[in-house]
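The values are calculated or read from the model by the stated rules, or taken from the named source; none is laboratory data. In this text, all values refer to a predicted model and were calculated from it rather than measured experimentally. Neighbour counts run over all protein chains shown; Cβ positions are idealised from the backbone, glycine included.
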Number of protein chains: 2
Amino acid sequence: MGARARTAGRQLSLLPTATRNAALEGMAQALEAPNAALRAANEADLADARAAALTPALLDRLTLTPKRIAGMAAGCREVAAIPDPLNELMDARTLPNGLRIAKRRVPLGVLGVIFESRPNVTAEIGALCVKTGNAVIMRGGKESLRTNTVLVELIRGALVECGAPADAVQLITDTDRALVAELLAMDDVLDLVIPRGGSGLQAMVREHARMPVIYGGIGVCHLFVDATADVAKSVEIVHNAKTQAPSVCNALDTILVHRAVLDAFVPLAAARLAADGVTLYCDPPSLATLRARPKLPQDRFQPAGPEHFGLEFLSLALSVKVVDSLDEAIAHIARYSTNHSDGILTNDYANATTFCDRVDSAAVYVNASTRFTDGGQFGLGAEVAISTQRLHARGPMATQELTTYKWIVQGDWHVRS
Amino acid sequence: MGARARTAGRQLSLLPTATRNAALEGMAQALEAPNAALRAANEADLADARAAALTPALLDRLTLTPKRIAGMAAGCREVAAIPDPLNELMDARTLPNGLRIAKRRVPLGVLGVIFESRPNVTAEIGALCVKTGNAVIMRGGKESLRTNTVLVELIRGALVECGAPADAVQLITDTDRALVAELLAMDDVLDLVIPRGGSGLQAMVREHARMPVIYGGIGVCHLFVDATADVAKSVEIVHNAKTQAPSVCNALDTILVHRAVLDAFVPLAAARLAADGVTLYCDPPSLATLRARPKLPQDRFQPAGPEHFGLEFLSLALSVKVVDSLDEAIAHIARYSTNHSDGILTNDYANATTFCDRVDSAAVYVNASTRFTDGGQFGLGAEVAISTQRLHARGPMATQELTTYKWIVQGDWHVRS
């Protein structure tokens, strides 16, 4: 599979932009067409999953509704519409000796993507790889194996119809877990591995991977409400950052509140959050402030333990801590953040600047919700992950971040003296 | 050491450009000043090395002559003169919703550099890290431990004099080899590891490293002499690529010759190379061509075995193979190259274009010697390595390639709808 991926990837990357985009349109049309095999495969996966008593949430993630299939097709067309990153020339110049040099953007090579049960990830990853000329070897969760198999056949069919090599997109259909460790040792074949899943998967990859890995998707996100923050607007931002999509990686986990706005901000924010079902794990000063207001829904306010800081809640819950200074807020973030998305809410120019200088997260915010960290929101298009790794590319791994470059050096029979 | 490196690196990266450059000037001055401790340490290392019967080549690499020390000081000043990569803003724009986003260039973080005996590497790596705001933990060869210890003290002294944190540059002084494996497991501390050494060191790193690694310095480099190549100029280029510095990674290893220029090119090139002491391992057609010319120095021409292709010679030797087409040359390179530096010598425009499209090396050349792959030659300044890894940065790892970015997102109290 690895050797076939390498060859197919090289072929794919040499195809014109129009051909790769035509394959994406072909994928979209194949998804939209009535597809009995896909329906049957998904129903069989769901039947097994029900028999294995998977949770309703997992069953839901596994289900391919017509709306989700339409979403996958729309996703293919969105990726087709993104400008082609390949062959862009960068840093082109003529050196004093007359050599002309430039970086030309090329694919990363062969990617390994390991993911859990959602089958729409299969289409998404496939589309991004077709666009960027990368070959991919996918390993999905065993719960969605039949569905993924049909989806990958559909993608491969769309490639072949455009004259592109089917083996640019391959799926591992053997569900033996030992194969994942074997895959992670294949550094001669895979240029990069992207695990899309929880901390268990990430730990396994960390243990076994011999090639570069983009870890992402784990965000312990903070907002610091500074002494000069606009209180009403800050309430809206923390509410948005927590509740707009509570189970995603850029959702808010911890509010840091400057003591100067403790009384003005915390009761208002707590009321707004609690009204939408959020539980607040509060440090002693913030809890005392809330307990002093018996009309507030006290059962939503719990004392925070050490376990509530540095925790990714992924649910309608967050922690609250009062700090005495910007420095204390920055130090808390340095200690507990996963360096995904962290922000300051302030009207103090110097504090905003200091926060941006000193907080080292993939996305650092001033006066905005952390929910914007996303390829689509940043205008980059679809992404395979939001990296919290410190490689040369950080944050949303969109089409450009799935490429590297080669130097092209054009001489007039130059020798080095 | 790791925790101290993290803290010191953050502090270093926040210092103004002028302070980091002043530390580099301080390093240069400290190197130029008479330094009895450095001399004594190097003499003690050399005495041990002689007692251990190290080869003359290794003894030479270990020796700090006044000229080499002056070179190290000059290197510090050259690095100081490079534009500061930190805090450069990239891809800045205002999104339709009014959010202002930009990538801001920041250091990679904490680097681990493992190298063998040359002590000038210590100064070079130290200077590049001070410039780029990265902290570094170095592990040098045990043969140069005393010399490296004094050099690192000198760098740390220069940092402290400028108000910069000494712990940005640290040296592991325990020479137990097991510590290297331990270092390679510290993915919570080291953001990137750079092994500067041979294939034994690289294999060990590949086995144990849990963080991203930049492998480099192993170059099996090819030049393809096409049917339309200018023969006399091609002779000069292959001669330059092999002999200008035969022991370095971008030196030529294999000449691929189009059959159409076999008779015109090979005897001329062989005579020129052999005159400078180069041994040519030739495939049957090229060997037959040379054997048919008895006046040439026949003892320099040996039959090539399979082991001579895909081999990094690092000496005055190379292999020669005759091919029937551009495709065959490209296929040979795809199979045997380490994707460092490969080139075509041609006057055919379409072939030059096809070669650049289809050869996937960090540097792809048309009508120039492979010896140009080098940060200095490319106008990038000093480099820590020439990467043959397919990360987002390839080729010379100069100051810019030792950085990543963070997204800065400035809002006007934006929430995501």
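Looking only at the range A:167-216, count how many residues are at pLDDT 90 or above, buried (at least 18 other Cβ atoms within 10 Å of the Cβ) and under 25 Å from A:E153 (Cα atoms).
The qualifying residues number 16.
Is one or more of the residues making up the range A:92-99 touching a Leu at 6+ places or on another chain (Cβ under 9 Å) and touching a residue at least 12 places away in the same chain (Cβ under 8 Å)?
No: zero hits.
Which numbered condition in (1) touching a residue at least 24 places away in the same chain (Cβ under 8 Å); (2) at the interface with another protein chain (Cβ under 7 Å from one of its Cβ atoms) is the only one that A:V364 fails?
If we test A:V364 against (1) touching a residue at least 24 places away in the same chain (Cβ under 8 Å); (2) at the interface with another protein chain (Cβ under 7 Å from one of its Cβ atoms), just (1) comes out false.
Can you name the condition, by its number, that B:R335 falls short on among (1) closer than 18 Å to A:A8 by Cα; (2) more than 10 Å from chain A (Cβ to nearest Cβ); (3) crowded, with 18+ Cβ neighbours inside 10 Å?
Here B:R335 meets the rest and fails (3).
Filter the range A:280-314 for residues that are among the polar types (S, T, N, Q) and crowded, with 18+ Cβ neighbours inside 10 Å; which is nearest to A:I333 (Cα to Cα)?
Filtering first and then ranking leaves A:S286.
Only one of these is closer than 18 Å to B:K242 by Cα and not β-branched (V, I, T): B:S315, B:S325. Name it.
B:S315
Taking the condition closer than 11 Å to B:A317 by Cβ, touching a residue at least 12 places away in the same chain (Cβ under 8 Å) and not charged (D, E, K, R), does B:P246 pass?
yes
Go through the range B:377-388 and report how many residues are polar (S, T, N, Q) and crowded, with 21+ Cβ neighbours inside 10 Å.
Count: 2.
Pick from A:D187, A:D253: which is touching a Cys at 6+ places or on another chain (Cβ under 7 Å) and either aliphatic (A, V, I, L, M) or not in a helix (DSSP H, G or I) (or both)?
Selected residue: A:D253, the only one of A:D187, A:D253 that is touching a Cys at 6+ places or on another chain (Cβ under 7 Å) and either aliphatic (A, V, I, L, M) or not in a helix (DSSP H, G or I) (or both).
How many residues does the range B:370-400 hold that are within 22 Å of A:L402 (Cβ to Cβ) and either more than 8 Å from chain A (Cβ to nearest Cβ) or under 12 Å from the mean Cα position of the chain (by Cα) (or both)?
7
Do you know which of the residues in the range B:131-155 that are in contact with a strand residue (DSSP E or B) (Cβ under 6 Å, 6 or more places away or on another chain) and under 16 Å from B:A28 (Cβ atoms) is surrounded by the most Cβ atoms within 10 Å (Cβ to Cβ)?
B:I155
Out of curiosity, is B:A350 more than 8 Å from chain A (Cβ to nearest Cβ), hydrophobic (A, V, I, L, M, F, W, C), surrounded by fewer than 21 Cβ atoms within 10 Å (Cβ to Cβ) and not in a strand (DSSP E or B)?
Yes.
Restricting to the range A:196-214, count the residues that are touching a residue at least 24 places away in the same chain (Cβ under 8 Å) and either over 21 Å from A:Y336 (Cβ atoms) or within 10 Å of another protein chain (Cβ to nearest Cβ) (or both).
Counting residues in the range A:196-214 that are touching a residue at least 24 places away in the same chain (Cβ under 8 Å) and either over 21 Å from A:Y336 (Cβ atoms) or within 10 Å of another protein chain (Cβ to nearest Cβ) (or both) gives 12.
Kindly provide the set of residues from the range A:141-152 that are of a type in the set (D, E, K, R) and touching a residue at least 60 places away in the same chain (Cβ under 8 Å), ordered by number.
Matches in the range A:141-152: A:E143, A:R146.
Of the residues A:L268, A:L318, A:L256, A:L252, which single one is in contact (Cβ under 8 Å) with a residue 40 or more places away in the chain and over 30 Å from A:R206 (Cα atoms)?
After ruling out the rest, the residue left standing is A:L256.
Among the residues of the range A:309-347, write down those that are of a type in the set (D, E, K, R) and outside any loop (DSSP other than H, G, I, E, B).
Residues satisfying the conditions are A:K321, A:D327, A:E328, A:R335, A:D342.
State which residue is farthest from the chain's Cα centre (by Cα) when the search covers only the range B:59-109 and only residues that are of a type in the set (S, T, N, Q) and more than 12 Å from every other protein chain (Cβ to nearest Cβ).
My answer is B:T65.
Being within 11 Å of chain A (Cβ to nearest Cβ) and either under 25 Å from B:R118 (Cα atoms) or in contact (Cβ under 8 Å) with a residue 40 or more places away in the chain (or both): is that true of B:A232 here?
No: the conditions fail for B:A232.
Of all the residues that make up the range A:401-417, how many are assigned to a loop (DSSP other than H, G, I, E, B) and facing chain B (nearest Cβ under 7 Å)?
Counting residues in the range A:401-417 that are assigned to a loop (DSSP other than H, G, I, E, B) and facing chain B (nearest Cβ under 7 Å) gives 2.
Taking A:C249 and the conditions (1) more than 16 Å from the chain's Cα centre (by Cα); (2) more than 13 Å from chain B (Cβ to nearest Cβ), which numbered condition does it fall short on, given that it satisfies the others?
(1)
Where the second residue is of a type in the set (G, A, S) and at pLDDT 95 or above and the first is within 14 Å of B:T354 (Cα to Cα) and assigned by TED's automatic domain parsing to the domain that holds A:V106 and lies in the range A:1-19, which pairs have Cβ atoms under 6 Å and are six or more apart or on separate chains?
Close Cβ pairs (under 6 Å, with a partner that is of a type in the set (G, A, S) and at pLDDT 95 or above) amount to A:S13/A:G133; A:L15/A:A164.
Among the residues of the range A:83-110 satisfying the criterion of being small (G, A, S) and closer than 25 Å to A:R416 by Cβ, which is surrounded by the most Cβ atoms within 10 Å (Cβ to Cβ)?
A:A102
Tally up the residues in the range B:93-152 that are in a strand (DSSP E or B) and in contact with a helix residue (DSSP H, G or I) (Cβ under 9 Å, 6 or more places away or on another chain), please.
16
Taking the conditions exactly as written (at the interface with another protein chain (Cβ under 8 Å from one of its Cβ atoms) and either within 30 Å of B:R206 (Cβ to Cβ) or not in a strand (DSSP E or B) (or both)), does A:N240 satisfy them or not?
In short, yes.
Looking at A:R416, A:R358, A:R371, which is the one that is in contact with a helix residue (DSSP H, G or I) (Cβ under 6 Å, 6 or more places away or on another chain) and under 30 Å from B:D230 (Cα atoms)?
Checking each option against the conditions leaves just A:R416.
Can you tell me how many residues in the range B:353-376 are more than 18 Å from A:R104 (Cβ to Cβ) and surrounded by 17 or more Cβ atoms within 10 Å (Cβ to Cβ)?
Residues flagged as more than 18 Å from A:R104 (Cβ to Cβ) and surrounded by 17 or more Cβ atoms within 10 Å (Cβ to Cβ) within the range B:353-376 amount to 4.
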